[in-house]
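Report on one structure; see the data block that follows.
The values are calculated or read from the model by the stated rules, or taken from the named source; none is laboratory data. These numbers were taken from a predicted model, which means no experiment stands behind them. Cβ atoms come from the backbone with ideal geometry, glycine included; neighbour counts cover every protein chain shown. Surface accessibility is based on the protein's heavy atoms, side chains included, excluding ligands, DNA and RNA. Shrake-Rupley method; radii C 1.70, N 1.55, O 1.52, S 1.80 Å.
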Amino acid sequence: MGIFKTLFDLRLKAHNRPLEDYLTEIISFILNSDLEIMNDFLTQFGIIEKRIESYDITTQLVLKKINNHSSDSRPDMAIFLEKKAIFFENKINSKEGFKQLKRYAEHLDQITDEEKTLVYLTKHYDLKNPEKIFTDCINDIEFIQIRWHKIYRFFKKYKSDPIVFELLLFMKQINLSMNNQFNPSDIITLTNFTNVRRMMDETMFGAVSKKFKQINKGISQKSASMTQLRDHDRYIYYRSHKERMWCGLGYWMNSRNEKDYPDVGIVIEVAPQSSMRKEIISTFQSIVSENKSWKGYNLSNPKAWAGITYGISLQSFLSEDSQTEKIKEFFISGLEQMEQIFEKNENLPTNK
């Protein structure tokens with residue numbers, strides 16, 4: 001169909017992970033257009049040992065759910081060789097979905113090809129245990145983990161190709177060209193991290209966390225904030241409510257855009273799979289229209305996590321003499337508004 005038409009159609013679908021899909025389509029186009037690059041790619045990453053002469057590439061392959069799967073599966077890219085099937089799952093800013101790799105493995109297990117490989121491609125370090133992934137598989141399946149910066153280095157040798165050149169430029173712009181070497185700013189970050197974390201904790205815990213716990217009838221463990229930082233680029237605590245709604249408070253780092261300061265704030269969010277999503281979204285829209293302190297996001301996108309947020313850039317506090325006290329006051333003010341929201345909108349599925 002052509003890469004530009006494919007990307008145009010992809011943009012029209014506008015679901016919640018376009019970046020991974022964009023890259024998948026571009027890379028699959030390049031591999032599908034050049035047998036030499038395809039052979040080099042599969043050999044470089046240990047997927048094949050001998051040269052191939054024919055192959056078929058499919059993106060966004062829909063696999064109907066099997067066994068006890070809770071949903072259909074959709075590997076980002078599937079490559080079928082004469083006697084081998086290869087599934088790719090590509091992640092950039094998101095993490096693995098619920099038993100996603102395990103579901104892909106079980107689909108591979110049912111394919112009649114002699115050899116099968118599951119490839120997990122990520123931006124960040126995310127070590128997986130193959131035994132857990134293949135626990136219900138009968139056949140041997142190879143599991144390979146690759147980082148995006150290695151993909152970037154691989155394609156650099158083909159930068160004379162105009163499409164590859166643009167791919168490399170795009171990957172660099174979205175910070176997928178990491179060179180695995182510390183630079184001076186990294187060292188400064190490491191040196192100051194403990195102090196920065198202490199300051200964030202000072203604003204988030206104590207009276208603020210006590211108020212959050214009172215309103216939400218619970219709060220996540222303090223250690224969960226570091227997990228949130230690792231997986232979601234945010235240093236927060238949270239509380240899960242009924243019907244897949246949750247609330248969180250803390251710092252959103254915006255580290256993927258070096259020009260942005262972190263955001264300080266509170267969020268109330270609902271999953272796309274919530275059975276009460278329509279009612280909750282309707283309530284969110286009413287809250288946003290009545291209270292200008294709260295902003296909505298993804299409220300008209302049924303496939304994305306959507307919510308309302310009470311937030312401000314950390315830059316707004318830099319001129320204050322007592323920044324931590326001002327941030328605490330900001331959090332308390334937001335929590336008081338959250339409490340009023342819950343009291344006024346009893347249809348929200350909070351843990352009462």
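Tell me, in nm to one decimal, what length is gained between ILE66 and LYS222 on full extension, where the rule is 0.36 nm per residue of separation less the Cα-Cα distance? Going from the current span to full extension adds 52.4 nm. Only protein atoms count toward the accessible area here, which uses a 1.4 Å probe; on the chain, the carbon and sulfur part of that area reaches 51 percent. Put a dot 7 Å past the Cα of ILE138, heading toward its Cβ, do the same for PHE154, and the two dots end up 3.1 nm apart. Rolling a 1.4 Å probe across all protein chains gives ASP136 an accessible area of roughly 100 Å².
For the range 99-160, the relative contact order works out to 40 percent when only alpha carbon pairs closer than 8 Å and six or more residues apart are counted. Toward the positive end of the charge dipole of the chain, with +1 on the Cβ of Lys and Arg and -1 on the Cβ of Asp and Glu, the farthest Cα among TYR158, CYS247, LEU335 is that of LEU335. Backbone amide hydrogens, once placed in the peptide plane, bring MET77 within less than 5 Å of GLN60, PHE88, excluding anything fewer than 5 places away on its chain. Working note: Karplus 6.51/-1.76/1.60 with θ = phi - 60° gives the range 54-61 the couplings 9, 6, 9, 10, 10, 10, 6, 5 Hz, where Gly and Pro are set to x. For the residue pairs LYS99/LYS278; LYS83/LYS172; LYS128/LYS222; LYS50/LYS156, alpha carbon separations beyond 28 Å are given by LYS83/LYS172. A cut-off of 5 Å between modelled amide H atoms, ignoring neighbours fewer than 5 places along the same chain, links LYS65 with ASP72, SER73. Remark: relative contact order (the range 63-168) = 21 percent; criterion is Cα-Cα distance under 8 angstrom and separation of 6 or more residues.
Applied to the range 113-128, the Karplus parametrisation 6.51 cos²θ - 1.76 cosθ + 1.60 on θ = phi - 60° returns per-residue 3J(HN,Hα) values of 4, 5, 10, 9, 9, 10, 10, 10, 10, 9, 7, 9, 5, 8, 5, 10 Hz, with x for Gly and Pro. Of all aspartates and glutamates in the structure, the ones whose alpha carbon falls short of 17 Å from that of LYS157, not counting any fewer than 8 places away in one chain, are ASP34, GLU36, ASP40, GLU166. Considering only alpha-carbon pairs that sit under 8 angstrom and 6 or more positions apart, the relative contact order computed for the chain is 10 percent. For the range 145-280, a/c is not less than 1.5, where a ≥ b ≥ c are the root eigenvalues of the C-alpha gyration tensor, and a/b does not top b/c. That puts it in the oblate class.
Taking a probe of 1.4 Å, how large is the accessible area per residue of the range 50-135, in Å²? Provide the component values of the computation, followed by the final result.
Values: 4510 Å² over 86 residues.
Heavy-atom accessible area per residue stands at 52 Å².
Quantify how much of the Cα-Cα distance distribution of the range 204-352 extends past 23 Å, in percent. Counting pairs separated by more than 23 Å, the tail of P(r) holds 34 percent. Note on LYS326 and ASP56: the model spin-label points, each 7 Å out from Cα along the C-beta direction, lie 6.3 nm apart. Evaluating 6.51 cos²θ - 1.76 cosθ + 1.60 at θ = phi - 60° for every residue in the range 319-334, the Karplus couplings come out as 8, 6, 5, 10, 5, 4, 5, 5, 5, 4, 4, 5, 4, 4, 4, x Hz, glycine and proline recorded as x. Mind running the shape call on the range 75-233? Use the C-alpha gyration tensor, a ≥ b ≥ c as the square roots of the eigenvalues: rounded below 1.5 for a/c, prolate if a/b tops b/c, oblate otherwise. The shape class here is oblate.
In the chain, helices alone account for a calculated mean residue ellipticity at 222 nm of -13500 deg cm²/dmol, with every DSSP H run of four or more residues adding -39,500 (n - 2.57). I'd like the distance between the alpha-carbon centres of the range 35-105 and the range 129-156, rounded to an integer number of Å. Cα centroid to Cα centroid, the span is 10 Å. The DSSP beta bridges internal to the chain are antiparallel in roughly 75% of cases. Per residue, the accessible area of the range 222-314 comes to 50 Å², computed with a 1.4 Å probe over protein heavy atoms only. Taking amide H positions as modeled 1.01 Å from N, with prolines and chain starts lacking one, the residues under 5 Å from ARG234 and 5 or more places away or on another chain are LEU229, MET253.
Does the range 269-345 come out rounded, prolate or oblate by the C-alpha gyration tensor, with a ≥ b ≥ c the root eigenvalues, rounded set by a/c under 1.5 and, if not, prolate when a/b is larger than b/c and oblate if not?
Because a/c hits 1.5 or more and a/b exceeds b/c, the range 269-345 counts as prolate.
The slack between ASP260 and PHE165, meaning 0.36 nm per residue of separation minus the straight C-alpha distance, is 31.5 nm.
When each pair of different Cα atoms in the chain is counted once in the 1/r mean, what is the Kirkwood radius in angstroms, to one decimal? Result for the chain stands at 22.9 Å.
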